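The values are calculated or read from the model by the stated rules, or taken from the named source; none is laboratory data. As the structure is a computational prediction, the values presented were derived from the model and not from experiment. Quick reminder, even Gly has a Cβ in these numbers, built from the backbone with ideal geometry, and neighbours come from all protein chains shown.
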Amino acid sequence: MDWQETLERAIPQPPPTHTDPAALVADGKKFVRRRRLAAVAGTVAAVAAVIGIGAVVDPSRDSADPEPPIATRSTDEERPPAVDIPLSDLAPVAYDFDTGATRLQGGWTEVDRVGALTTSDSLAVAVTDGEKTIYAYFPEPDDASFTDASRTAKDFRTWARELPDYVPDTTWEAGGQLAIGGNGWEIVREISNPFGYDAPWDSVGAVIEREGLKKWLFFRQSRTALSLAPDGGSTYAIPGQTIDDWLTRVEKTDRTAYRPNDLNLGEPAVTHAVEFSGSTVVPAEDGVKVLEQVADPDINESFTAETSQTAAARITVDGKEQYVLVQEKESATRTKNVSWAFVYNLLPTPYAEDRGPFSLDEFAEIVRRNNGPKGGPWA
């Protein structure tokens with residue numbers, strides 16, 4: 001397997017500099033697991049902010065690893081990277097979904113297998129070295145789990161038949177305790193705020209176990225964003241690693257994903273908060289302050305079409321920071337030109353160091369990238 005190619009498909013940033021394959025798998029698996037996490041539930045209160053994002057409900061930011069624009073999104077994201085954990089006495093068997101072949105660690109032999117558990121290609125295998133027996137489960141190409149048979153009282157085939165029911169029912173809300181119900185899973189370790197978020201953000205990590213089968217998981221949410229379920233991810237325990245290793249790598253990606261970027265701006269809307277007075281943007285309503293402004297921002301051709309002047313400004317409305325694009329258009333039916341303003345809300349991040357405002361040049365660049373040469377609410 002080409003690790004560089006695999007990780008570039010799985011991670012929207014350069015991979016870590018370490019060369020431990022199992023550690024690299026941890027990075028890649030997080031992105032696929034979070035899409036299939038079958039464990040976020042519970043009643044949530046409707047308030048005005050969004051998880052991961054701040055003051056405006058913006059589903060496009062409901063994730064710590066935001067998707068690229070559709071034009072650049074790769075179809076490879078629908079094909080999860082295969083697991084390629086090196087063989088060891090902790091992971092003594094590997095399974096190739098493409099060929100259907102298994103490989104065994106030296107000194108280990110296969111004693112039984114059960115296929116087609118959840119998909120036509122899924123597989124459970126029992127292997128032994130003569131002293132220890134390991135049950136291995138390969139539900140999909142991007143996942144694998146290994147259980148010491150001595151941790152369960154069930155024979156292999158009974159254990160395998162029950163695997164499709166091993167779906168944990170997990171609930172959590174920011175500021176609360178993780179809870180898990182049914183199906184025999186229990187929390188064996190809970191980690192408070194492993195990502196080091198600043199309030200009102202919160203996160204949680206946990207090791208959950210059922211008869212020796214371990215899963216690692218995390219959730220994250222803003223305490224003022226309970227209108228949406230928590231975002232999160234999970235994976236089966238990776239042999240030779242700990243949940244701390246895994247969460248450390250997830251958090252590195254998390255910090256990159258939440259830095260100010262194209263998706264930190266909410267959807268634009270028409271505003272009457274400001275207008276042109278001569279060549280200057282000025283407040284048009286009470287409670288509005290203009291903090292800074294720049295004339296003729298480089299947005300796109302449709303923004304400047306049929307205008308007499310344009311501007312970008314950073315303002316506050318009743319203390320809440322916003323960005324605006326302002327146009328003045330010549331009017332054939334009115335005695336004076338008409339001002340149009342479009343407001344964007346800057347969506348806060350969970351890390352204090354990333355909460356600084358955009359410069360107006362950065363703001364213009366983001367709007368330009370998002371809309372292309374002819375798009376935008378003014379078009």
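Ser302 versus (1) modelled with pLDDT under 90; (2) in contact with a Phe, Trp or Tyr (Cβ under 8 Å, 6 or more places away or on another chain): which is the lone unmet condition?
It is condition (1) that Ser302 fails.
Return the residues of the range 287-307 that are exposed (fewer than 15 other Cβ atoms within 10 Å of the Cβ) and in contact with an Asp or Glu (Cβ under 9 Å, 6 or more places away or on another chain); say none if nothing qualifies. Spell out how you get there, then give the answer.
Step one: list which residues in the range 287-307 are exposed (fewer than 15 other Cβ atoms within 10 Å of the Cβ), which gives 287, 289, 291-292, 295-296, 298, 301, 305-306.
The answer is Gly287, Leu291, Asp298, Glu306.
Could you please let me know if Ser145 is surrounded by fewer than 20 Cβ atoms within 10 Å (Cβ to Cβ) and assigned by TED's automatic domain parsing to the domain that holds Ile238?
Working: surrounded by fewer than 20 Cβ atoms within 10 Å (Cβ to Cβ): no; assigned by TED's automatic domain parsing to the domain that holds Ile238: yes.
No, not satisfied.
Residues Ser145, Ser234: which one is touching a helix residue (DSSP H, G or I) at 6+ places or on another chain (Cβ under 7 Å), under 23 Å from Ala116 (Cα atoms) and in contact (Cβ under 8 Å) with a residue 60 or more places away in the chain? Spell out the reasoning first.
Working: Ser145 fails: touching a helix residue (DSSP H, G or I) at 6+ places or on another chain (Cβ under 7 Å).
Only one candidate qualifies: Ser234.
Could you grab the pairs with beta carbons closer than 6 Å, sequence gap of 6+ or different chains, first residue in the range 166-185 and assigned by TED's automatic domain parsing to the domain that holds Leu217 and among the polar types (S, T, N, Q), second one surrounded by 14 or more Cβ atoms within 10 Å (Cβ to Cβ) and not in a loop (DSSP other than H, G, I, E, B)?
Cβ pairs passing all conditions: Thr170/Ile180; Thr171/Ala41.
Show me the strands (runs of 3 or more DSSP E) entirely contained within the range 265-322 in which 2 or more residues are in contact with a helix residue (DSSP H, G or I) (Cβ under 9 Å, 6 or more places away or on another chain).
On the way: elements: 269-271, 274-277, 280-283, 288-295, 307-317.
The qualifying strands (runs of 3 or more DSSP E) are 288-295, 307-317.
Kindly list, by first and then second residue, each pair from a residue in the range 354-365 that is over 14 Å from Thr310 (Cα atoms) to a residue that is in a helix (DSSP H, G or I) and of a type in the set (Lys, Arg), limited to pairs with Cβ atoms under 9 Å and residues at least 6 apart or on different chains.
Qualifying pairs under 9 Å: Asp354/Arg255.
For the range 164-185, name all the residues that are closer than 19 Å to Ser203 by Cα and among the acidic types (Asp, Glu).
Those that are closer than 19 Å to Ser203 by Cα and among the acidic types (Asp, Glu): Asp169, Glu173.
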